[in-house]
Amino acid sequence: MPSIPILQGMHRINRSYMPYSPKLLLTLVEALPPDSMFTVLGMANDELPATTHAILFGGHLRVGFEDNLYYKKGQLAESNAQLVARAARIARELGYEVVGPAEARRMLAIPPLAN
């Protein structure tokens, strides 16, 4: 099943997008067909709250330098891995399972990488 992307905070680069808000995200999630798989990404300072809400609302998330360069206000992230580790830690602390790349590929029906 493909994952439906929900982009949050894109209004900074495209005026046709609405700013991030938990209420808007929840409204979008509730409008999805039952059993839909969805992925949330947040741009810039919307990344952490948007992706944390994605976890709480039963979705998946995407983090990384292409969306956000900062770990926290005024502090550049050291790597994509640092952003991924924080998201995984938050998910685990909230009681959710974190899958690895192979399981994510299986869930999305993406073939394994060739060696």
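The values are calculated or read from the model by the stated rules, or taken from the named source; none is laboratory data. Note that the structure is predicted; figures quoted are calculated from it, not measured. In this analysis, Cβ positions are derived from the backbone assuming ideal geometry, glycine residues included, and neighbour counts consider all displayed protein chains.
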In the range 51-87, residues that are surrounded by fewer than 17 Cβ atoms within 10 Å (Cβ to Cβ), among the small types (Gly, Ala, Ser) and assigned to a helix (DSSP H, G or I) total 2
Of those in the range 27-46 that are in a helix (DSSP H, G or I) and of a type in the set (S, T, N, Q), the residue nearest to LEU76 (Cα to Cα) is ASN45
Is it the case that TYR20 is in a loop (DSSP other than H, G, I, E, B), of a type outside the set (A, V, I, L, M) and touching a His at 6+ places or on another chain (Cβ under 9 Å)? yes
Output for Cβ contacts, cut-off 6 Å, separation at least six or different chains, first residue free of Cβ contacts under 8 Å to residues at least 24 places away in the same chain in the range 94-105, second assigned to a loop (DSSP other than H, G, I, E, B) and surrounded by 12 or more Cβ atoms within 10 Å (Cβ to Cβ), reads none
Is it the case that some residue within the range 51-65 is charged (D, E, K, R) and within 22 Å of VAL29 (Cβ to Cβ)?
yes
Note on ALA81: of the conditions (1) at pLDDT below 90; (2) over 13 Å from the mean Cα position of the chain (by Cα), unmet is (1)
